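*Asks:* Have a look at this one before I ask anything.
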């Protein structure tokens, strides 16, 4: 039996407050594990041997798991339904986060991280259809709400990581987020336990023709590049920025954690305003160019004057991933139908996250080979440039469904 159709419920929120709370809590859990460990890596290294290559691999795991499990999630959700699949992913997330804090060696840390990021990858895919199911007339508002919650979940963990590690140890600092994941289970379990609330496996599947069209179209590849540039830089920063700031600017672990929080916090205004500017004013190309310019300015500042106005360089670099919410809104702006949006989203995120996964590992290997941070920062600076070219393509008001007709 399917849940009562939310669109038929009288009043804008009546009967859906649990779903609202559940969506916000899930969104808040989708980035905590990414940002929680890098500020305390030095402390982790005192108990577990961590080579630069391994740190880079850990930084590569989130987008890699997002890509792999993003492909598999629709198949699982079709069989078991959205809510049940989400509850299973939250159980896995809770266990994975706790296991990371208890890991006895590098192997366990990697396996626990795989479980954690796999669960988060499932959540990435399920949130948009859940918003559409429970709030079909509030999709724009709810998208802003959950993107903002995701942004908050990226800057809170690094802000707390070092103080908690100082007071209670790195294991508590890393593992405490399992409690937050467990709390996110509550509204969904209650929704499933309600009479008549057993969900049906009715997730949409993109038609094969549209998915192939997305893979062949300049629009699909250009949008994937814009998406990948944002993720390549963001996940490299979450993996390496505290260590970079410690080495080139002399930042203490607490200062580096605070600066990583500043980096993450720059996603909040981007999530609030970028979709509005793109939808209402059509400022797609100026937004892309602005993002590329702040990337360049921030990385040049870290290269040329890392010890002066470090917060400014970090804020500038942290503004560049505004390309992420821009990519999400363009998926809808550049498609005419729901099937087209699902197909374009599937292509952009699956292929994009595979490209993103290379970033942290490449930065780590380049640092290990060069013995410094100049070449890794130059790599990150150069990685932003393809977005300027791709931005010219995605700025054209064309639709995926119209391609190759």
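So that you can scan it fast, the table gives a plain yes or no per residue for (1) more than 25 Å from residue 348 (Cα to Cα); (2) more than 21 Å from the chain's Cα centre (by Cα):
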{"site": "27", "(1), (2)": "no, no"}
{"site": "32", "(1), (2)": "no, no"}
{"site": "49", "(1), (2)": "yes, yes"}
{"site": "56", "(1), (2)": "no, no"}
{"site": "73", "(1), (2)": "no, no"}
{"site": "95", "(1), (2)": "yes, no"}
{"site": "101", "(1), (2)": "yes, yes"}
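*Asks:* Consider region 265-286. How many of its residues are in a helix (DSSP H, G or I) and free of Cβ contacts under 8 Å to residues at least 40 places away in the same chain? Spell out the reasoning first.
*Replies:* First, pick out the residues of region 265-286 that are in a helix (DSSP H, G or I): 265, 267-281, 284-286.
With free of Cβ contacts under 8 Å to residues at least 40 places away in the same chain added as a condition, the list becomes 269, 273, 276-277, 280-281, 286.
The number of residues fulfilling the criteria is 7.
*Asks:* Of (1) surrounded by fewer than 24 Cβ atoms within 10 Å (Cβ to Cβ); (2) touching a residue at least 40 places away in the same chain (Cβ under 8 Å), residue 151 satisfies all except one. Which?
*Replies:* So residue 151 meets the others, but not (1).
*Asks:* Exactly one of (1) surrounded by 24 or more Cβ atoms within 10 Å (Cβ to Cβ); (2) touching a residue at least 40 places away in the same chain (Cβ under 8 Å) is unmet by residue 89. Its number?
*Replies:* (2)
*Asks:* Also, quick follow-up: Take region 267-280 and flag every residue that is surrounded by fewer than 23 Cβ atoms within 10 Å (Cβ to Cβ), closer than 28 Å to residue 304 by Cα and in contact with a helix residue (DSSP H, G or I) (Cβ under 7 Å, 6 or more places away or on another chain).
*Replies:* 268
*Asks:* Name the residue, out of 333, 378, 344, that is buried (at least 23 other Cβ atoms within 10 Å of the Cβ) and in the same structural domain as residue 242 (by TED's automatic domain parsing).
*Replies:* Working: 333 fails: buried (at least 23 other Cβ atoms within 10 Å of the Cβ); 378 fails: buried (at least 23 other Cβ atoms within 10 Å of the Cβ).
Within the list 333, 378, 344, the selection yields 344.
*Asks:* Could you say whether any residue in region 249-264 is outside any helix (DSSP H, G or I) and either on the phi > 0 side of the Ramachandran plot or assigned by TED's automatic domain parsing to the domain that holds residue 150 (or both)?
*Replies:* Yes, region 249-264 contains at least one residue that is outside any helix (DSSP H, G or I) and either on the phi > 0 side of the Ramachandran plot or assigned by TED's automatic domain parsing to the domain that holds residue 150 (or both).
*Asks:* Of the conditions (1) surrounded by fewer than 23 Cβ atoms within 10 Å (Cβ to Cβ); (2) over 20 Å from the mean Cα position of the chain (by Cα), residue 68 clears all except one; give me its number.
*Replies:* (2)
The values are calculated or read from the model by the stated rules, or taken from the named source; none is laboratory data. Remember, it's a predicted structure, so these values are computed and weren't measured experimentally. Every residue, glycine as well, gets a Cβ built from its backbone with ideal geometry; the counts of neighbours run over all protein chains shown.
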